[in-house]
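Heads up: the structure comes next, in structure tokens.
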Amino acid sequence: MAQRCSTAIKGTHEASTSLTILNRRHTRNEDQDDDLTDKDEPERLRKRGRKSPEIASSSTRKAVDWKTDNRSAESKKKKQRIPEQFRKVRGKLGMLERLAKDVPLDVVIEIFCYLDPGDLIRLARTSKDLRGILMSKTWESVWRIARENVQDLPPLPPDLNEPQYARLLYESYCHVCLKGNCDIILWLFRMRCCKKCGVETLPPYEDLINSQPMEYRHRGILPSEWLPGNSSYHNHRVGNTKIAEQFKAEYTALQTLEDRRNWISGKTQCFRELARHGRLCEEWHETQLEKRANEVDNVRQKRLEAILERLGEIGWREEAEHMLNKFKDHKLVKQPKKLTDHSWNGIKVELVKMLSNHKENRLRNEQRYPGSSLESWSILAG
């Protein structure tokens, strides 16, 4: 890792210049503020020197009284004062902004080399300075090292650069409607698309292929994807209008028969490589989704155990275990969030109320039907 980071440092001379400019700009602003303070102070002292002794003593007493009365107010204002360069920056005192301006270049590169491409994409969205640095071509080696940190990730395809590849892999929103939580990736089209937008914007593949020149219509060079339906028997095969129009324009622009044959041969080879890379990406994506699902399940299980432990402290754990199947599916329990003291105080009242109602129903049924098991009443009450 250290060797790779040193290689990245050597290839980022222009990025170093940009960081130096940012640091100089930041330092210049601070120096200007200091100069204004130094110039104003002697002028105020000279004006005070021209006052008569009586006026000076009177003004001094007023100033002392004013300072004494407002000392607490000034201290509060000083505590709440935020540096001007961080007032429009989101986050605690703009720490990411300071990372781009104040931290040395080799330290920044060392930090970024331990991240993955998704982290770099999110960092580039935080401020204009970080975006200008990370989107520079001189930082391509940093993106490459970050991509190599991801286990089993397929290599960078030739038609995408590093930020475009990271955006396709990690930004889970539809590229058409921009809505989030979109896990449908059309690898051959280099886009994410939700089911609704796919049906509305991507034409059926059979209709699209029939509009192509006859010479390569059935040669299998035009990419296609499958949109998931309600079941595996209702999947939709779709094409990409932009890619089809590009292929048609390139083919019709060729004049000789030999050039057109070579074009078809080259596109056939490109499609094979594209399909192979798409299969690798799909396998990697499925693995990531499964890994994420397991992590969410683990967080939910730990939250359930923590809630049961808290209920045990107030005497309600046994009742929760009687209705465990229903209890663990409750909206306040089945959350993929760590249980904290604050969150527990927010859900305790509602959970205790639910358990109290369940206990009343259970005891009523036990009195009505004595001799039955607690499990059966838990099912009836649930």
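The values are calculated or read from the model by the stated rules, or taken from the named source; none is laboratory data. Fair warning: this is a prediction, and the values are worked out from it, not measured in the lab. Every residue, glycine among them, receives a Cβ derived from its backbone with ideal geometry; neighbour counts consider all protein chains shown.
The set of residues in the stretch 252-263 that are touching a residue at least 24 places away in the same chain (Cβ under 8 Å) and polar (S, T, N, Q) contains only Thr252. Of all residues in the stretch 180-234, exactly one satisfies the criterion of being surrounded by fewer than 12 Cβ atoms within 10 Å (Cβ to Cβ) and of a type in the set (Phe, Trp, Tyr), namely Tyr233. In a residue-by-residue description of the stretch 146-166, the property of being surrounded by fewer than 19 Cβ atoms within 10 Å (Cβ to Cβ), among the aromatic types (Phe, Trp, Tyr) and under 20 Å from the mean Cα position of the chain (by Cα) applies to no position.
Yes or no, residue by residue, for (1) of a type outside the set (S, T, N, Q); (2) under 17 Å from Val176 (Cβ atoms); (3) in contact (Cβ under 8 Å) with a residue 12 or more places away in the chain; (4) outside the structural domain of Val176 (by TED's automatic domain parsing):
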residue	(1), (2), (3), (4)
Glu206	yes, no, yes, no
Arg217	yes, no, no, no
Leu222	yes, no, yes, no
Pro228	yes, yes, yes, no
His236	yes, yes, yes, no
Thr241	no, yes, yes, no
Ala244	yes, no, yes, no
Glu250	yes, no, yes, no
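Arg125: at pLDDT below 90 and touching a Lys or Arg at 6+ places or on another chain (Cβ under 8 Å), yes or no? In short, yes. What's the total number of residues in the stretch 318-341 that are over 30 Å from Ser172 (Cα atoms) and either surrounded by fewer than 16 Cβ atoms within 10 Å (Cβ to Cβ) or in contact with a strand residue (DSSP E or B) (Cβ under 8 Å, 6 or more places away or on another chain) (or both)? So the answer is 5.
Table: residues versus (1) in a helix (DSSP H, G or I); (2) more than 30 Å from Glu148 (Cα to Cα); (3) modelled with pLDDT under 95; (4) among the charged types (D, E, K, R).
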| site | (1), (2), (3), (4) |
| --- | --- |
| Arg276 | yes, no, no, yes |
| Leu289 | yes, no, yes, no |
| Asn325 | yes, yes, yes, no |
| Leu355 | yes, yes, yes, no |
| Lys359 | yes, yes, yes, yes |
| Leu363 | yes, yes, yes, no |
| Gln367 | yes, yes, yes, no |
| Ser372 | no, yes, yes, no |
| Leu380 | yes, yes, yes, no |
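Checked against the criteria, Arg167 does not count as closer than 26 Å to Glu283 by Cβ, without any contact (Cβ under 8 Å) to a residue 40 or more places away in the chain and not in a loop (DSSP other than H, G, I, E, B). Yes or no: Leu332 in a loop (DSSP other than H, G, I, E, B), touching a helix residue (DSSP H, G or I) at 6+ places or on another chain (Cβ under 9 Å) and under 15 Å from Met354 (Cβ atoms)? Yes, satisfied.
Tell me, yes or no, whether the stretch 278-293 has at least one residue that is under 19 Å from Arg219 (Cβ atoms) and either assigned by TED's automatic domain parsing to the domain that holds Lys328 or within 32 Å of the chain's Cα centre (by Cα) (or both). Scanning the stretch 278-293, I find at least one residue that is under 19 Å from Arg219 (Cβ atoms) and either assigned by TED's automatic domain parsing to the domain that holds Lys328 or within 32 Å of the chain's Cα centre (by Cα) (or both), so the answer is yes.
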